[in-house]
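Peer 1: One structure follows; several queries about it will come next.
Since every read-out is calculated from the coordinates, none of them should be taken as a lab result. Only a predicted model underlies this, so the values are computations on that prediction, with no experimental measurement involved. A quick note on method: Cβ atoms are made from the backbone with ideal geometry, for glycine too, and the neighbour counts reach across all protein chains shown.
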Amino acid sequence: MADEINLSAPRRRFIENYVANGFNATKAYTATYKTKNRNAAKVSASKLLTIPNVRKFLNYRLETLMTDEGIENQQRRVLRELEFLAFSNVTDIVSWDGGGNLSVTASDALPDDVRAAIKKFKATANQIEIEMHTKLSALDTLAKIHGMMADRKEITGKVGGPITLAQAISEIEDANTGPGGV
């Protein structure tokens, strides 16, 4: 089906970038056509999305996202984003020396994974504030996905006291059969 749609390679790449980056047309245009002028990229991307064969290829790509393979790719993308957050470091953005001199990397020079990890950036005449997304929650989520953390349920007797083996077995059987029994 995709081969039946008459579309140039750059326009196909534009749609692929558009879908991959979460439907940011300006970013997709900039990545595809290597332009630095964001306003021109925004206008050109908007025009591209009105071309019938570009729309047709976009619709085709959206349909493929709903297949098993598309869902698997989305799952990989979610994992990749979590990894960006979990393994990011502020030193990917800022460096400093022993004298307290700071050097901040320009945003357009940062790789996508580093930019994705930035939650907030604020610059004033005297101060730079960079806040990263929380690593701990991303690490926690990744650990759960990969089975590194087991869910546990603690069973105790009345008023937090000890429980007998028979009581524990009964509690487990009740939990497994549910309220109506099976």
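Peer 1: Using 0.36 nm times the number of residues separating LEU165 and GLU83, minus their current alpha carbon distance, what extension gain do you get?
Peer 2: Working: separation 82, 0.36 × 82 = 29.52 nm, distance 4.21 nm.
Going from the current span to full extension adds 25.3 nm.
Peer 1: Using a 10 Å cut-off on Cβ atoms, rank the peptides 99-107, 114-122 from the highest mean neighbour count down.
Peer 2: Values: 99-107: 9.2, 114-122: 14.4.
Ranking the peptides 99-107, 114-122 by packing returns 114-122, 99-107.
Peer 1: Given the rule -39500 (n - 2.57) for each run of at least 4 DSSP H residues, summed and divided by the residues of the chain, what is its mean residue ellipticity at 222 nm, to the nearest 500 deg cm²/dmol? Each step should come with its number before you reach the end.
Peer 2: On the way: 8 runs with 94 residues, N = 182.
It lands at -16000 deg cm²/dmol.
Peer 1: With N residues in the range 86-175, what two-decimal value do you get for its Cα radius of gyration over 2.2 N^0.38 Å?
Peer 2: Numbers: Rg = 23.7 Å, N = 90, 2.2 N^0.38 = 12.2 Å.
So the Cα radius of gyration is 1.95 times the expected 2.2 N^0.38 Å.
Peer 1: Order 73-81, 25-33, 37-45, 169-177 from most to least packed using the mean count of other Cβ atoms within 10 Å. Write out the running numbers ahead of the final one.
Peer 2: On the way: 73-81: 12.8, 25-33: 20.7, 37-45: 15.1, 169-177: 11.0.
Order by mean packing, descending: 25-33, 37-45, 73-81, 169-177.
Peer 1: Over the chain, with a Gaussian network built from C-alpha contacts below 10 Å, which listed residue (LEU85, LEU58, LEU165) shows the highest mean-square fluctuation?
Peer 2: For the chain, modelled as a Gaussian network with Cα springs under 10 Å, the answer is LEU165.
Peer 1: For Rg and Dmax of the Cα atoms in Å, one of (1) 25.3, 73; (2) 18.8, 62; (3) 19.9, 65 was computed from the structure I shared and the rest are decoys. Which label?
Peer 2: Here the calculated entry is (1).
Peer 1: If you wrap a convex hull around the Cα atoms of the range 2-66, how much volume per residue is inside, in Å³?
Peer 2: Working: hull volume 4.4 nm³, N = 65.
Normalising the Cα hull of the range 2-66 by residue number yields 68 Å³.
Peer 1: Starting from the Cα-Cα distance between LYS34 and SER46, subtract it from 0.36 nm times their residue separation and give me the gain in nm to one decimal.
Peer 2: On the way: separation 12, 0.36 × 12 = 4.32 nm, distance 1.62 nm.
Result: 2.7 nm gained on full extension.
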